[in-house]
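Following: one structure in structure tokens, then a few remarks.
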Amino acid sequence: MNNQKIGTKCVQAGYTPGNGEPRQIPIIQSTTFKYDTSEDMGKLFDLEASGYFYTRLQNPTNDHVAAKIAALEGGSAAMLTSSGQAANFFALFNICECGSHIVASSSIYGGTFNLIAVTMAKMGIEVTFVSPDADEDELNASFKENTRAMFGETIANPALTVLDIEKFAKVAHAHGVPLIVDNTFPTPVNCRPIEWGADIVTHSTTKYMDGHGAAVGGAIVDAGKFDWMAHADKFPGLTQPDESYHGIVYAEKFGKEGAFITKCTSQLMRDFGCIQSPQNAFILNLGLESLHVRMPKHVENGLAVAKFLEGHKKVVKVNYPGLESDKYHELAKKYLPNGGCGVVSFELEGGRAAAESFMKKLKIAAIETHVADARTCCLNPATSTHRQLTDEQLEAAGIPAGLIRISCGLEDSADLIADIAQALE
Ligand SMILES: Cc1ncc(COP(=O)(O)O)c(C=O)c1O
């Protein structure tokens with residue numbers, strides 16, 4: 001399967017039915033699983049055998065879909081979570097604890113920023129945010145003795161900055177910690193961070209992977225390359241006995257390829273229960289089957305809209321890494337040679353009022369707190385997600401009041417441009 005092209009993996013990976021078995025991944029809509037003897041079940045509780053006993057931890061439908069995502073990203077193991085938020089929390093909390101420190105790009109999704117800066121801070125985990133443009137010296141200077149992970153987004157939501165994955169991975173590895181990359185926006189069709197040195201990849205599958213605005217979900221993929229034992233003192237959760245599983249040492253028993261996901265499932269899923277429903281995993285798989293067909297169209301529409309906006313007199317600035325004029329175009333050429341995604345952000349002359357009136361006039365693009373699905377949608381942070389901030393506060397946060405984020409769907413680009421043109425006029 002590994003040598004197959006990405007499109008074949010989108011359609012086929014993760015599930016191979018046997019003779020006479022269902023062609024489609026079965027939805028195992030069962031909370032529990034039956035055993036003939038307590039000994040049989042006991043082996044699962046001791047992690048001596050693989051299998052299922054309770055869907056709060058694992059479910060076969062989810063595991064087929066997770067295996068497909070692992071194959072797409074080029075990882076050794078993966079798991080589904082109930083949301084992208086849960087995926088990022090689990091990925092970090094699997095190796096951090098009270099007293100740990102994280103280095104994170106400041107250019108990340110607001111929900112993830114809040115998770116790390118506010119909620120994880122309450123758990124005693126501190127963070128240093130760094131500019132995605134920081135040079136190696138600046139990145140090195142942000143590390144501390146208790147740093148346990150580095151985090152960034154391949155293409156940041158909504159800033160659309162492009163992460164220099166190789167640079168971040170090099171610095172993280174020099175400090176003996178893994179690089180975690182949220183690859184939600186490009187998806188593995190357009191970028192596979194593991195090929196550039198990332199150790200853990202996360203997703204909000206709610207976005208392009210599902211692609212139809214139908215199911216909230218998340219995923220975590222382990223590259224299977226990080227040597228936990230070589231940095232055993234930093235990662236006791238993986239390298240010291242887990243008394244809740246009779247003294248198992250994850251890194252010894254499951255090796256580099258399996259330790260991270262096994263620990264995440266058997267500890268964090270067990271205790272927090274952020275499992276994706278098998279029904280949602282099935283819907284997600286339908287989206288994955290066409291991901292390689294949809295992404296090029298999202299990119300085509302994003303680029304066409306970005307080019308149109310760039311040439312319009314009422315538009316002050318356009319952010320889209322595919323544009324030659326974009327600050328991140330060189331990085332995009334390296335990491336996203338086939339394009340990034342369909343999300344474009346732009347700033348309108350006239351600020352908040354102009355943005356509000358423009359969006360009201362759109363007929364195809366709908367106003368939504370969402371991105372990355374088949375239908376074009378848009379949002380003005382100043383009048384929605386960030387409406388409590390003044391214009392001055394918005395400016396300080398790098399979000400001009402007239403900024404609009406538009407997520408180009410799968411419609412005909414000529415219609416999208418005509419819609420935007422009439423709303424601008
Ligand atoms: C890049 C990125 N990561 C994570 C998330 C959180 O995902 P979810 O909404 O599925 O919890 C989002 C949501 O917009 C996102 O854009």
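The values are calculated or read from the model by the stated rules, or taken from the named source; none is laboratory data. Since we're looking at a predicted model, the values are computed, not measured. Heads up, the Cβs are rebuilt from the backbone with ideal geometry, glycines too, and the neighbour counts pull from every protein chain shown.
Is there a residue in the stretch 303-324 that is modelled with pLDDT of 95 or more, farther than 30 Å from ALA401 by Cα and outside any helix (DSSP H, G or I)? Within the stretch 303-324, none of the residues are modelled with pLDDT of 95 or more, farther than 30 Å from ALA401 by Cα and outside any helix (DSSP H, G or I).
From the list VAL118, VAL103, VAL65, which residue is out of contact with any strand residue (DSSP E or B) (no Cβ under 8 Å at 6 or more places or on another chain) and aliphatic (A, V, I, L, M)? Lay out the reasoning, then the answer.
Working: VAL103 fails: out of contact with any strand residue (DSSP E or B) (no Cβ under 8 Å at 6 or more places or on another chain); VAL65 fails: out of contact with any strand residue (DSSP E or B) (no Cβ under 8 Å at 6 or more places or on another chain).
When all the criteria are applied, what remains is VAL118.
Is it true that ALA71 is over 17 Å from THR206 (Cβ atoms) and away from the ligand (no atom under 16 Å from the Cβ)?
Working: over 17 Å from THR206 (Cβ atoms): yes; away from the ligand (no atom under 16 Å from the Cβ): yes.
Yes; evaluated as a whole, the condition is true for this residue.
Taken over the stretch 238-257, residues that are assigned to a helix (DSSP H, G or I) and surrounded by fewer than 21 Cβ atoms within 10 Å (Cβ to Cβ) amount to 9. On inspection, PHE226 fails the criterion of being assigned to a helix (DSSP H, G or I), in contact with a Pro (Cβ under 9 Å, 6 or more places away or on another chain) and not assigned by TED's automatic domain parsing to the domain that holds THR369. Residues that are more than 16 Å from the ligand (Cβ to nearest atom) and touching a His at 6+ places or on another chain (Cβ under 9 Å) were ranked within the stretch 188-237; the one that is farthest from HIS298 (Cα to Cα) is PHE226. Residue pairs whose Cβ atoms lie under 9 Å apart, sitting 6 or more positions apart in sequence or on different chains, and linking a residue in the stretch 64-85 that is on the phi > 0 side of the Ramachandran plot and in contact (Cβ under 8 Å) with a residue 60 or more places away in the chain to a partner that is more than 14 Å from the ligand (Cβ to nearest atom) and of a type in the set (Lys, Arg), are GLY74/ARG192. Residues in the stretch 35-55 that are within 30 Å of the chain's Cα centre (by Cα) and part of a loop (DSSP other than H, G, I, E, B): LEU47, SER50, GLY51, TYR52, PHE53, THR55. Annotation: of all residues in the stretch 242-300 being in contact (Cβ under 8 Å) with a residue 60 or more places away in the chain and among the aromatic types (Phe, Trp, Tyr), the one that is nearest to ALA374 (Cα to Cα) is PHE282. Can you say whether GLY287 is within 23 Å of the chain's Cα centre (by Cα), at pLDDT 95 or above and outside any helix (DSSP H, G or I), as far as the supplied structure shows? Spelling it out, it is not the case that GLY287 is within 23 Å of the chain's Cα centre (by Cα), at pLDDT 95 or above and outside any helix (DSSP H, G or I).
For the stretch 200-212, state whether one or more residues are among the basic types (Lys, Arg) and under 13 Å from the mean Cα position of the chain (by Cα).
The initial filter retains those residues of the stretch 200-212 that are among the basic types (Lys, Arg), namely 207.
Adding the requirement that they be under 13 Å from the mean Cα position of the chain (by Cα) leaves 207.
Yes, some residue in the stretch 200-212 is among the basic types (Lys, Arg) and under 13 Å from the mean Cα position of the chain (by Cα).
Can you tell me which residues in the stretch 332-369 are part of a helix (DSSP H, G or I), closer than 23 Å to VAL316 by Cβ and not acidic (Asp, Glu)?
Within the stretch 332-369, ALA332, GLY351, ARG352, ALA353, ALA354, ALA355, SER357, PHE358, MET359, LYS360, LYS361 qualify.
Restricting ALA374, ALA401 to those that are part of a loop (DSSP other than H, G, I, E, B) and under 25 Å from the mean Cα position of the chain (by Cα) reduces the list to ALA374. Scanning the stretch 176-199 for residues that are of a type in the set (Val, Ile, Thr) and in a loop (DSSP other than H, G, I, E, B) yields a total of 2. Any residue that is touching a Cys at 6+ places or on another chain (Cβ under 7 Å) and surrounded by 24 or more Cβ atoms within 10 Å (Cβ to Cβ) - is there at least one of those in the stretch 167-176? No: the stretch 167-176 contains no residue that is touching a Cys at 6+ places or on another chain (Cβ under 7 Å) and surrounded by 24 or more Cβ atoms within 10 Å (Cβ to Cβ).
What's the total number of residues in the stretch 5-34 that are surrounded by 11 or more Cβ atoms within 10 Å (Cβ to Cβ) and within 23 Å of the chain's Cα centre (by Cα)? Full working, then the answer.
Here is the first cut: in the stretch 5-34, the ones surrounded by 11 or more Cβ atoms within 10 Å (Cβ to Cβ) are 6-15, 17, 24-30, 33.
In the following step, the residues that additionally are within 23 Å of the chain's Cα centre (by Cα) were identified as 6-15.
Going through the stretch 5-34 one residue at a time, the tally reaches 10.
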